[in-house]
Amino acid sequence: MDGDQNPLGELGRCIVLVPQLLARMETLEKSLARIEERVSVKPERPKRYFNIKEAARELNMSVTSVRRLIDRHLLNKSAGTRKIQIPIEEIESYRSRTVV
């Protein structure tokens, strides 16, 4: 019998590998736990302001129509910002005032 041969054959070689595999698996589990801690998902805050494109999607209309509503003061935008931002309250108020 050679020194390389295991009397149990292939099964013996597999049995010898089990402790090594268990140690590697434990290492991987610890690494995964550390990664999960770093990447923990924060609860998403509800959206308070919408840009024109998002508002159009919310109201199921085109961007042009939303711009017209703003120009006619039927939908108010947030003051004091360079970009047009429409508060969620305005979108909800417009929905309640109109029949869609």
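The values are calculated or read from the model by the stated rules, or taken from the named source; none is laboratory data. Keep in mind that this is a model prediction, so the values were computed, not measured. No Cβ is skipped: glycine too gets one built from the backbone with ideal geometry, and neighbour counts run over all protein chains shown. Heavy atoms of the whole protein, side chains included, go into the accessibility calculation; ligands, DNA and RNA do not. Shrake-Rupley method; radii C 1.70, N 1.55, O 1.52, S 1.80 Å.
Highest average first, the peptides 53-62, 87-96, 10-19 ordered by how many other beta carbon atoms sit within 10 Å of their residues are 53-62, 87-96, 10-19. The three principal axes of the C-alpha atoms in segment 14-75 carry coordinate ranges of 79, 21, 10 Å, sorted with the longest axis first. Rg/Rh for segment 45-100 (Cα atoms only, Rh after Kirkwood) is 0.92. A protection proxy built from the mean count of other Cβ atoms within 10 Å ranks the segments 38-44, 28-34, most packed first, as 28-34, 38-44. Given R0 = 41 Å, the distance between the Cβ atoms of LYS47 and LEU22 translates into a calculated FRET efficiency of 0.30. Considering helices alone, the calculated mean residue ellipticity of the chain at 222 nm is -18000 deg cm²/dmol, with DSSP H runs of length four and up weighted by -39500 (n - 2.57) and normalised per residue.
For ALA55, neighbours were defined as the other residues whose beta-carbon sits under 13 Å from its Cβ, and their charges (Lys and Arg +1, Asp and Glu -1) total +4. Calculated accessible area for the chain comes out at 89 Å² per residue, all protein chains present (probe 1.4 Å; ligands, DNA, RNA ignored).
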